[in-house]
């Protein structure tokens, strides 16, 4: 095998998805509410909280906040924060912009991400 072929083979091996990534992609089938939550999250939340709810320095880490035992893991608390905002921390209120069903869907999606049931990336809608 010449040097170019070795480099090509090594690059293919490094860029190939791992078994865990393949399994996560296959397991990314979600119900209608979680799928709608993913859609709403991308429209209303991702610009501050990050694509796929991944941590960033701009806003609260939702994967930690909604994880079991997290400070916003309770649906009621999450809903209150989204609707009323946390203006002292730069979080705007979404009351008047989001309907309760939209907030419920966002909660379902982010909760699934926090509990590691929904992997990063666009989920597939069941059915």
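Key figures
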{"read-out": "The stretch 28-46 and the stretch 61-127: distance between their alpha carbon centers, rounded to Å", "value": "10"}
{"read-out": "Sites residue 51 and residue 2, calculated FRET efficiency, Cβ-Cβ separation with R0 30 Å, nearest 0.05", "value": "0.15"}
{"read-out": "Difference of contour (0.36 nm per residue) and Cα-Cα distance, residue 42 to residue 59", "value": "4.6 nm"}
{"read-out": "Order by protection proxy (mean Cβ within 10 Å, highest first), peptides 59-66, 77-84", "value": "59-66, 77-84"}
{"read-out": "Anisotropy class of the stretch 36-84 from Cα gyration tensor, a/c 1.5 cut", "value": "oblate"}
{"read-out": "FRET efficiency, residue 124 to residue 87 (Cβ-Cβ, R0 35 Å, nearest 0.05)", "value": "0.45"}
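Quick note: the coordinates plus some simple rules give every number you see, no bench work behind them. Given the structure is predicted, the values throughout are model-derived calculations rather than measurements. Quick reminder, even Gly has a Cβ in these numbers, built from the backbone with ideal geometry, and neighbours come from all protein chains shown.
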